[in-house]
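A quick write-up on the structure given underneath.
The values are calculated or read from the model by the stated rules, or taken from the named source; none is laboratory data. In this text the structure is predicted, and so the values were computed from the model without any measurement. Cβ coordinates were reconstructed from backbone atoms using ideal geometry, including for glycine residues, and neighbour counts include every protein chain displayed.
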Amino acid sequence: MLNEKYQKLAEELKAQFPKSLILLEEAMKSHTTFRIGGPADIYIEPDYASIIPLIQFLKEQEIPFIVIGNGSNLLVSDEGIEGVVISLGKQSNDITINGDTVVVEAGALLSTVANKAAKAGLTGMEFASGIPGSIGGAVFMNAGAYGGEMKDIIESVLILTPSMEQKTVTPEELSMSYRHSSLMEDGGYVLSAVLKLSQGNPEEIQARIDEIRQQRTEKQPLNFPSAGSTFKRPEGYFAGKLIDDTGLRGYTVGGAQVSEKHCGFVVNKGDATAADVLQLMSDVNDKVFNKFGVHLVPEVRIIGRNVN
């Protein structure tokens with residue numbers, strides 16, 4: 001039962017931000033590609049104009065909150081998330097193309113942006129066409145695939161700093177590197193990004209997108225919920241190969257399983273809990289370290305109550 005504090009807060013939020021979707025005790029498994037996660041006390045999908053005032057209000061009220069994108073790289077604890085989850089998605093996803101420049105709000109899906117760019121004859125974003133995340137999340141972790149990374153195509157990013165300053169920064173200023181940006185340590189929130197692409201042949205661009213999607217379908221376990229690659233690639237190794245060579249293909253804890261199709265993925269076989277996934281990840285790391293002396297670092301972002 002939601003406590004009185006959050007019930008009252010929800011009423012205030014609905015009054016102040018009438019264009020935003022506001023839900024109480026919303027199951028986070030409905031908002032993550034893992035299909036795992038307990039309830040958020042309050043879940044909000046704000047319209048773009050409300051993002052900064054909303055964050056300002058929550059900070060002033062000292063209400064705990066977290067900002068998420070499409071939930072494609074998240075493992076949310078079974079106990080859920082205290083306070084407010086701000087999901088930048090359905091109401092903050094505008095895409096504007098001007099020449100070879102694409103301006104996108106944080107909630108826009110990578111696949112949607114890549115498809116629009118392709119139709120406009122712009123190349124450079126094909127690598128992202130199959131990544132199921134949003135622009136904001138992709139900037140936050142410098143998402144990448146098939147030889148490309150977000151830092152390769154970003155001209156600038158509009159962020160909101162923890163001190164509530166709007167600031168335009170470059171990939172260099174964000175220290176973007178393999179699955180990393182300084183936002184992970186410094187905090188701050190991606191509001192929008194300016195992408196710099198190149199003119200190309202629309203048919204060739206679409207052919208490359210189709211090729212990447214085919215490769216994903218053939219090699220990745222898209223038929224089960226997951227959060228994508230579970231572990232970062234250790235220097236000099238591939239996480240999936242290390243896991244496979246340790247004999248862990250198909251290894252199962254509860255409803256969580258090391259994918260039989262691609263050992264770099266942990267999948268939800270239907271009723272997995274966050275506890276199942278965390279135990280499996282711990283087991284895999286221990287077994288790989290015992291055999292190869294390599295520690296596996298999670299790529300999936302683990303959030304919520306009692307995750308430590």
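Couple of notes before you dig in:
- Scanning the stretch 224-245 for residues that are polar (S, T, N, Q) and modelled with pLDDT of 95 or more, we see that the one that is nearest to Pro46 (Cα to Cα) is Ser226.
- Residue selection: Ser134 satisfies the criterion of being closer than 18 Å to Thr96 by Cβ, buried (at least 17 other Cβ atoms within 10 Å of the Cβ) and under 17 Å from the mean Cα position of the chain (by Cα).
- Matching residues, the stretch 139-151, being farther than 17 Å from Gly107 by Cα and either among the polar types (S, T, N, Q) or under 18 Å from the mean Cα position of the chain (by Cα) (or both): Gly144, Ala145, Tyr146, Gly148, Glu149, Lys151
- Residue count for the stretch 283-306, restricted to those that are free of Cβ contacts under 8 Å to residues at least 60 places away in the same chain and closer than 26 Å to Ser30 by Cβ: 0
- The one condition from (1) surrounded by 15 or more Cβ atoms within 10 Å (Cβ to Cβ); (2) assigned to a helix (DSSP H, G or I) that Thr217 does not meet is (1).
- Residue ID - nearest to the chain's Cα centre (by Cα), chosen from residues in the stretch 190-202 that are surrounded by 20 or more Cβ atoms within 10 Å (Cβ to Cβ) and assigned to a strand (DSSP E or B): Val190
- Close contacts from the stretch 159-180, counting a first residue that is in contact (Cβ under 8 Å) with a residue 40 or more places away in the chain and in a loop (DSSP other than H, G, I, E, B) and a second that is among the aliphatic types (A, V, I, L, M) and surrounded by 12 or more Cβ atoms within 10 Å (Cβ to Cβ), with Cβ to Cβ under 6 Å and a gap of 6+ residues or different chains, come to Arg179/Met141.
- Members of the stretch 1-38 that are of a type in the set (Phe, Trp, Tyr) and modelled with pLDDT under 95: Tyr6
- Inside the stretch 152-185, residues that are under 21 Å from Ile68 (Cβ atoms), of a type outside the set (A, V, I, L, M, F, W, C) and crowded, with 17+ Cβ neighbours inside 10 Å make up a count of 2.
- Of all residue pairs spaced 6 or more apart or on separate chains, those with beta-carbon atoms under 6 Å, a first member in the stretch 253-277 that is closer than 19 Å to Val307 by Cα and a second member that is modelled with pLDDT of 95 or more and among the basic types (Lys, Arg) are Gly255/Lys269; Asn268/Arg35.
- For Val277: the one exception among (1) out of contact with any strand residue (DSSP E or B) (no Cβ under 6 Å at 6 or more places or on another chain); (2) at negative phi; (3) at pLDDT 95 or above: (1)
- Single unsatisfied condition, Tyr251 versus (1) over 26 Å from Gly144 (Cβ atoms); (2) surrounded by 22 or more Cβ atoms within 10 Å (Cβ to Cβ): (2)
This table checks each residue for (1) farther than 23 Å from Ala227 by Cα; (2) surrounded by fewer than 20 Cβ atoms within 10 Å (Cβ to Cβ).
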| position | (1), (2) |
| --- | --- |
| Lys14 | yes, yes |
| Pro18 | yes, yes |
| His31 | no, no |
| Pro46 | yes, no |
| Gln61 | yes, yes |
| Ile81 | no, no |
| Ser87 | no, no |
| Asp94 | yes, yes |
| Thr101 | yes, yes |
